[in-house]
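No lab work stands behind these numbers, since they all come straight from the coordinates. Since we're looking at a predicted model, the values are computed, not measured. Backbone-built Cβ (ideal geometry, glycine too); neighbour counts: all protein chains shown.
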Amino acid sequence: MGNSSSKSHKEGKSSPTTHGPFTESHLVEKEPATEKQAAQSDSGRYNYSNRGALKPSQLNNPFAQGAFRMVAKARYTVGERKGQPCATKWFKTGAVYSSDFWELDIKAVHKALEIINLFNDSKMVNVAVKLNMPTVWRFGSTWGQQWRDQRVLVEPFIEGYQKFNSNTGWTDESKPWSKVMQALSHFSYHITGGEYLICDLQGGAYLQEAVLTDPVILSQTREFGVTDLGPDGISTFFSQHVCNKFCRKDWIAPANPVRYFDPVSGTSMRNHRTTVATMYSHPPPPYAP
């Protein structure tokens, strides 16, 4: 059994951790963790559960999709979040039977959490930014051949989805939280010495905090997969970025940034001519911190 139901995590690699399966009723066997999870943080929003329930009809009719994944709504059946909704994500093409396929997703989330921790610790804004921390779960033996033993990502459900910026420099500053998110993106470049930029920021906005999911990390070495547009993506972001009241004058930025991509609201992929619009959740039940 993985240790996602405990609030005390030891330091470790950011590799995927595999947790218990979904069943049509309430779960079967639990799978042991393959790697230690990174230490938990106040900026992270965790599953605090290792079992869930999901109907086949919810998989056949996913309520949302992202650039690569479909999303279904399930619910936790044990732990601190018992009865609360969770999001279940799987790849649009091809079944996944190994946790390794989620490695880049988990790696990007953990890098983003490092940056968000520093941003929150800086107290530059009087509100908090949180980040959903997904873990890899497995469908159990009670499922049919199509789903049995497949790996999926599971994380707490987010209400009232909004998108604040993209990985090509687009932003909608009419949203109250967008200026904070633009500053977070700029901060990430500054605090990492120009190595990384967190963007494609989306999630739920609340009175005193925002909860993000599925961030993109742009890196100088393109180490985070096809949504990591590399130095050209970083340059494109800054070609569109206008510092606001949450940015600081001493933050570094590229000199003479050039726009290499058209700024669009969807998530753009390297070596792909198209972008994919992202939609993550619909309103219903009350938000659970």
Going through LYS111/LYS163; LYS130/LYS175; LYS89/LYS130; LYS92/LYS179 one by one, the pairs whose alpha carbons sit over 24 Å apart turn out to be LYS92/LYS179
Restricting to Cα pairs under 8 Å and 6 or more apart, the percent relative contact order of the range 96-151 works out to 42
Mean Cβ-within-10 Å packing, highest first, puts peptides 159-171, 183-195 in the order 159-171, 183-195
Dividing the mean separation of Cα pairs under 8 Å (6+ apart) by the residue count of the range 161-276 yields a relative contact order in percent of 30
Shape call for the range 161-276, from the Cα gyration tensor axes a ≥ b ≥ c (a/c under 1.5 means rounded, otherwise prolate when a/b beats b/c, else oblate), comes out oblate
